[in-house]
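Everything on this sheet refers to the single structure shown next.
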Amino acid sequence: MRIFITLLFAMCLRIVPLPDTLAPLNPDWVLLALIYWSLAIPERVGIAHAWFLGILVDVLLGRHFGQNALIYSLIIYACLVWHRQLRQFPVVQQSAFIFLCLLFSQLLLFWFKNVHTAVQISGAFWLPIFSGTVLWPFIYQLMRSIRRL
């Protein structure tokens, strides 16, 4: 039940309207929550969960059907493959992995957008990656305390 509630809360954070100055800083909360749960409890949160939540996020954000589903599934697959090694790392080193996951996610979204229309990378492209990476230690501690309730 905790997993469901945290993922539902992450989906709410994903669509919350923010001021124009803060909107580019909004990381992919659903992906961060999925990464945490797939590292913490890999036998309970897997690729099927990532695919389903990706479809829901696509519907919530009005994106092409399956974009986030594919991205989330690929990233969670990597998490499941390397979860034993990643769990041994300190949270700061895990942040490097989170950076790569968020970068991969943003690059794939950029590629999907570029398939339809020519889009240039701006400074706002990097902000959700950096904000998610900086927030990871806090998210990790919060989710860990929720898991241990």
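The values are calculated or read from the model by the stated rules, or taken from the named source; none is laboratory data. These numbers were taken from a predicted model, which means no experiment stands behind them. All Cβ positions, glycine included, derive from the backbone under ideal geometry; neighbour counts span all protein chains shown.
Only one residue in Leu109, Leu142, Leu135 is without any contact (Cβ under 8 Å) to a residue 12 or more places away in the chain, within 17 Å of Val30 (Cα to Cα) and either surrounded by 12 or more Cβ atoms within 10 Å (Cβ to Cβ) or not small (Gly, Ala, Ser) (or both), so which one is that?
From the options Leu109, Leu142, Leu135, the qualifying one is Leu142.
Please go through region 112-125 and give me each residue that is surrounded by 13 or more Cβ atoms within 10 Å (Cβ to Cβ) and within 18 Å of the chain's Cα centre (by Cα), ordered by number.
The answer is Phe112, Phe125.
If the requirement is being part of a helix (DSSP H, G or I), modelled with pLDDT of 95 or more, closer than 30 Å to Asp20 by Cα and not small (Gly, Ala, Ser), which of these qualifies: Leu109, Leu70, Leu80, Leu60?
After ruling out the rest, the residue left standing is Leu70.
Any chance region 24-41 includes a residue that's of a type in the set (D, E, K, R) and either surrounded by fewer than 20 Cβ atoms within 10 Å (Cβ to Cβ) or on the phi > 0 side of the Ramachandran plot (or both)?
Scanning region 24-41 turns up no residue that is of a type in the set (D, E, K, R) and either surrounded by fewer than 20 Cβ atoms within 10 Å (Cβ to Cβ) or on the phi > 0 side of the Ramachandran plot (or both).
Could we say that Phe97 is surrounded by 12 or more Cβ atoms within 10 Å (Cβ to Cβ) and among the aromatic types (Phe, Trp, Tyr) here?
Considered against the rule, which asks whether it is surrounded by 12 or more Cβ atoms within 10 Å (Cβ to Cβ) and among the aromatic types (Phe, Trp, Tyr), Phe97 comes out as yes.
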